Amino acid sequence: MAIPEKIIGEKIRELRLQRGITQKDLAGDKITRNMLSLIESGNASPSVSTLLYISKRLDTPVGYFFSNTEEDEGRFLKMSIIEQIKSSFHSQNYAECAQLCVDIPPAALDDEISYILAVSYLNTSLQSAYHIEMDSAFSDLKKAEQFSSCSIYCTSGFTSAIEFYQVLYSTACSDVIPDILCDYSKCGDYVSYDVIEYFNDLKLYRTTGTAEKKALVSSHFSRHINALHLASTDHTVDAQKRLRELSLDPTLPFFMQYRVLCDLENAANISGDLRLAYSSARRKIELIEKFRK
């Protein structure tokens, strides 16, 4: 079935506006602005060479202008931008990648794009959480959940990770350790084994008052647990020193900050350092306020 000139013109105009291109820029030196205006309004029919020129400048397959179903339109529109989307995704520019996907028309939203959006929003959510921007973190996590339900590529492991991070965010500013944070079955591409192991070690200390010494590695997790090991073996001053250093580390993960301050306050009270105990309690209050913003 032939595609009327008016429909071709409308598609050119819609794409031009979506790309933020003026008629003058699109016309370039190949056609006049007046001719482009006539084509967009359906009052002139573009030649094959003109249409090829326009499609190239709009970075869109020429077949898009002749598509007559939403499915065909979506396929051609996806072809025009998928390489750019994949480049952003593989470069871990997740915010840019998500925006590129959101900007394409709904007709192009398929399983693959939905998967890319789900993973991108999960990562932007984590980035926001690490800066303690919790409104953005929860919002993007919700978007990740929504798009994951639209893609067959998002497995149960992804859904499980969403549940894990919902709980992690909700309890980040408390000393509570829900069972899901200690569940090794949650480990996978989206939840690190080290995080699960950390919460298991921390829960052991909270319930028994003892902590097993970790290998001499420099991760935040092992530094915290080793400080607790010192505290459990009556090396309170050394434990206090290590906890204080850890609490001042600007790279300390968001979900550890409150818990480290709790242990630092406790160690300071035991050692009789009331000034440090007070400052730790004050920092905890400031952290709670920051999480609530």
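The values are calculated or read from the model by the stated rules, or taken from the named source; none is laboratory data. Predicted, not measured: the structure shown is a model, and the values here were computed from it. Because the Cβ atoms are built from the backbone with ideal geometry, glycine has one as well, and the counts that use them run over all protein chains shown. Side chains are part of the model used for accessible areas, which takes the heavy atoms of the whole protein and leaves out ligands, DNA and RNA. Shrake-Rupley method; radii C 1.70, N 1.55, O 1.52, S 1.80 Å.
Pick out, from SER149, MET134, VAL119, the residue whose Cα sits farthest towards the positive end of the charge dipole of the stretch 83-155, with +1 on the Cβ of Lys and Arg and -1 on the Cβ of Asp and Glu. Among SER149, MET134, VAL119, the one farthest towards the positive end of the dipole of the stretch 83-155 is MET134.
Could you list the residues of the stretch 148-185 with an amide nitrogen less than 11 Å from a label point located 7 Å from the Cα of ASP110 in the Cα-to-C-beta direction? From the stretch 148-185, the list is empty. The stretch between ASP183 and ILE285, if pulled fully straight at 0.36 nm per residue, gains 33.8 nm over its current Cα-Cα span. Considering only TYR115, TYR278, TYR64, the Gaussian network model of the chain with Cα springs below 10 Å gives its largest mean-square fluctuation to TYR278. In the chain, helices alone account for a calculated mean residue ellipticity at 222 nm of -21500 deg cm²/dmol, with every DSSP H run of four or more residues adding -39,500 (n - 2.57).
Taking the longest Cα principal axis of the chain as reference, the axis of helix 220-232 is set at about 10 degrees.
I need the per residue convex hull volume for the chain, using only the alpha carbons, in cubic angstrom as a whole number.
Working: hull volume 43.5 nm³, N = 293.
Hull volume over Cα atoms, normalised by residue count, gives 149 Å³.
Highest GNM mean-square fluctuation among HIS229, HIS131, HIS90, for the chain modelled with Cα contacts below 10 Å: HIS90. Quick one: if the Förster radius is 41 Å, what FRET efficiency do GLU83 and TYR193 give, using the C-beta to C-beta distance and rounding to 0.05? About 0.75, to the nearest 0.05. Here the calculated FRET efficiency for GLU212 and THR251, from their Cβ-Cβ distance with R0 = 25 Å, stands at 0.55, rounded to the nearest 0.05.
Toward the positive end of the charge dipole of the chain, with +1 on the Cβ of Lys and Arg and -1 on the Cβ of Asp and Glu, the farthest Cα among LEU58, ALA211, ALA161 is that of LEU58.
When each of the peptides 24-31, 79-86, 252-259, 51-58 is scored by the mean number of other C-beta atoms lying within 10 Å of its residues, the order from highest to lowest reads 252-259, 51-58, 79-86, 24-31. The modelled label-to-label distance between VAL48 and SER174, using points 7 Å beyond Cα along the C-beta direction, is 6.9 nm.
Both the radius of gyration and Dmax for the stretch 1-142 are 18.1, 56 Å, in that order, over alpha-carbon atoms. Here the Gaussian network model covers the chain, with springs between Cα atoms less than 10 Å apart; of SER219, SER67, SER192, SER219 fluctuates the most. For the stretch 224-293, the relative contact order works out to 26 percent when only alpha carbon pairs closer than 8 Å and six or more residues apart are counted.
The distance from the alpha carbon centre of the stretch 265-281 to that of the stretch 137-210 is 31 Å, rounded to a whole number.
Between the beta carbons of ARG33 and PHE66, assuming R0 = 22 Å, the FRET efficiency works out to 0.35 to the nearest 0.05. Residue order by solvent-accessible surface for ASP201, ASP103 is ASP103, ASP201, largest first, with ligands and nucleic acids left out and a 1.4 Å probe.
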